[in-house]
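Read the structure below first, then the notes.
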Amino acid sequence: MATEAASTAPVDGSQIQDIVDEIYEKYRNVDDGAVATYIPELGKADPKDFAICLATVDGHVFKAGDIDKEFTIQSMCKPFAFQMALEQWGREKVLKHVGVEPSGDAFNSIELDPKSTRPFNPMINAGAIAIASLIKKDSVEAGIQAFVDRMSDAAGRQLRIDQDVLNSETLTGNRNRAIAYLMRNFGIIDEHVNESLHQYFAQCSLLVNTHDVAMMAATFANMGANPITGKRVFDFQVIKYVLTVMFTCGLYDYAGGWAYEVGLPAKSGVGGGIFGVVNRQL
Ligand code: GLU
């Protein structure tokens, strides 16, 4: 049948590259918005930097723009940390510390679910700090290294923390500190509040480029295996929970609009990055 023939026809890579180039040209001169300055080090970013990268589960990569330019992952770390917490502790325990409901509020809202006293979801700062508290280790540096190692496997190259961004966020992160102490008050995180915050700030300060982020997204899409190295990075069994929460909560107070307009699980970060996942595809 015609429809079957269409769906099994080989993908023409040059057509996809043409589309990526077209989109790049269309949006490269958009200068809406502003770089984040509430973490002073992020204010040094050049708003003209722009790149698009699309990685497929069969290992094809299409790209345009400043593809190698590094920036910090910021909140794009949150789905991966949630994945690690689910793998380590299981669904039931993780759900005692964080919910899966959209909050409809900004990323840094100082608010917990009034009924359960949990953060609404792991994509807002409160939930991500609760998750960081779950995946940190007795040695703070070991907890950070475990995260960096996992992200490096997903990206397919060794990644590192931007110490200047980490210091900058540590010095100015009083709102996140307030959120963490509120959660400590309700017994959502343990007494090692500073260690949990350090884990969270370090996760956000991971340096990535656009190619890395595309490979991480493709690793989710590819049932947990990096499509180029073939390494199994994430447990397939829990990816579905992560993608669901990305879909409903990944864009904070724009999550509903994003789901309606774009319709993909996605996560943004104040470093300027955003990624989406087409499950089993790219
Ligand atoms: N590190 C940032 C913060 O906690 C992440 C926020 C974001 O990227 O949305 O404020």
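For ALA180, the stated conditions do not hold, so it cannot be described as under 18 Å from ALA85 (Cα atoms) and more than 12 Å from the ligand (Cβ to nearest atom). So if I check each of GLY263, GLY250, GLY256, GLY230, which one is in contact with a Pro (Cβ under 9 Å, 6 or more places away or on another chain) and either more than 16 Å from the ligand (Cβ to nearest atom) or among the acidic types (Asp, Glu) (or both)? None of the others qualify; the one that does is GLY256. Flag: ALA259 matches the condition of being out of contact with any Ser or Thr (no Cβ under 6 Å at 6 or more places or on another chain), without any contact (Cβ under 8 Å) to a residue 24 or more places away in the chain and on the phi < 0 side of the Ramachandran plot.
Kindly establish whether SER139 is polar (S, T, N, Q), over 15 Å from the mean Cα position of the chain (by Cα) and either surrounded by fewer than 19 Cβ atoms within 10 Å (Cβ to Cβ) or modelled with pLDDT of 95 or more (or both). The answer is yes for SER139. Those residues that are open to solvent by 10 Å² or more (accessible area, probe 1.4 Å), part of a helix (DSSP H, G or I) and touching a residue at least 24 places away in the same chain (Cβ under 8 Å), I need them from the range 147-164; list them, please. Answer for the range 147-164, where residues must be open to solvent by 10 Å² or more (accessible area, probe 1.4 Å), part of a helix (DSSP H, G or I) and touching a residue at least 24 places away in the same chain (Cβ under 8 Å): ARG150, ASP153, GLN163, ASP164.
Take the residues in the range 29-43 that are away from the ligand (no atom under 13 Å from the Cβ) and either within 21 Å of the chain's Cα centre (by Cα) or over 14 Å from GLY272 (Cα atoms) (or both), then tell me which one is modelled with the lowest pLDDT.
The initial filter retains those residues of the range 29-43 that are away from the ligand (no atom under 13 Å from the Cβ), namely 29-34, 43.
Restricting the remaining residues to those that are either within 21 Å of the chain's Cα centre (by Cα) or over 14 Å from GLY272 (Cα atoms) (or both) gives 29, 33-34, 43.
On the way: ASN29: 95, GLY33: 90, ALA34: 93, GLY43: 96.
Of everything passing the filter in the range 29-43, GLY33 is modelled with the lowest pLDDT.
What residue, among those in the range 266-276 that are touching a Lys or Arg at 6+ places or on another chain (Cβ under 9 Å) and open to solvent by less than 40 Å² (accessible area, probe 1.4 Å), is farthest from the ligand (Cβ to nearest atom)? Spell out how you get there, then give the answer.
Pass one, the range 266-276, residues touching a Lys or Arg at 6+ places or on another chain (Cβ under 9 Å): 267, 269, 273-276.
With the extra rule that they be open to solvent by less than 40 Å² (accessible area, probe 1.4 Å), the set shrinks to 267, 269, 273, 275-276.
Values: LYS267: 9, GLY269: 4, GLY273: 9, PHE275: 12, GLY276: 16 Å.
If we take residues in the range 266-276 being touching a Lys or Arg at 6+ places or on another chain (Cβ under 9 Å) and open to solvent by less than 40 Å² (accessible area, probe 1.4 Å), then GLY276 is farthest from the ligand (Cβ to nearest atom).
Listed here are the residues, each with its yes/no results for (1) aliphatic (A, V, I, L, M); (2) farther than 22 Å from ASN185 by Cα; (3) within 14 Å of the chain's Cα centre (by Cα); (4) surrounded by fewer than 22 Cβ atoms within 10 Å (Cβ to Cβ).
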site	(1), (2), (3), (4)
ALA81	yes, yes, yes, no
GLY90	no, yes, no, yes
PRO102	no, yes, no, yes
SER109	no, no, no, yes
ASP113	no, no, no, yes
THR117	no, no, no, yes
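Restricting attention to the range 172-226, the residues that are of a type outside the set (A, V, I, L, M, F, W, C) and assigned to a helix (DSSP H, G or I) total 19.
Has the range 272-282 got at least one residue that is over 21 Å from LEU206 (Cα atoms), part of a helix (DSSP H, G or I) and of a type in the set (A, V, I, L, M, F, W, C)? The answer is no; no qualifying residue exists.
Scanning the range 35-52 for residues that are β-branched (Val, Ile, Thr) and in contact (Cβ under 8 Å) with a residue 12 or more places away in the chain, we see that the one that is surrounded by the fewest Cβ atoms within 10 Å (Cβ to Cβ) is VAL35. Mind checking whether some residue in the range 212-219 is more than 14 Å from the chain's Cα centre (by Cα), touching a residue at least 60 places away in the same chain (Cβ under 8 Å), more than 14 Å from the ligand (Cβ to nearest atom) and surrounded by 22 or more Cβ atoms within 10 Å (Cβ to Cβ)? Checking the range 212-219: not a single residue is more than 14 Å from the chain's Cα centre (by Cα), touching a residue at least 60 places away in the same chain (Cβ under 8 Å), more than 14 Å from the ligand (Cβ to nearest atom) and surrounded by 22 or more Cβ atoms within 10 Å (Cβ to Cβ).
The values are calculated or read from the model by the stated rules, or taken from the named source; none is laboratory data. A quick note: this is a predicted structure, and the numbers were derived from the prediction, not measured. When we count neighbours, we look across all protein chains shown, and the Cβ atoms used for this are built from the backbone with ideal geometry, even at glycine. Accessible surface areas use protein heavy atoms only, side chains included; no ligands, DNA or RNA. Shrake-Rupley method; radii C 1.70, N 1.55, O 1.52, S 1.80 Å.
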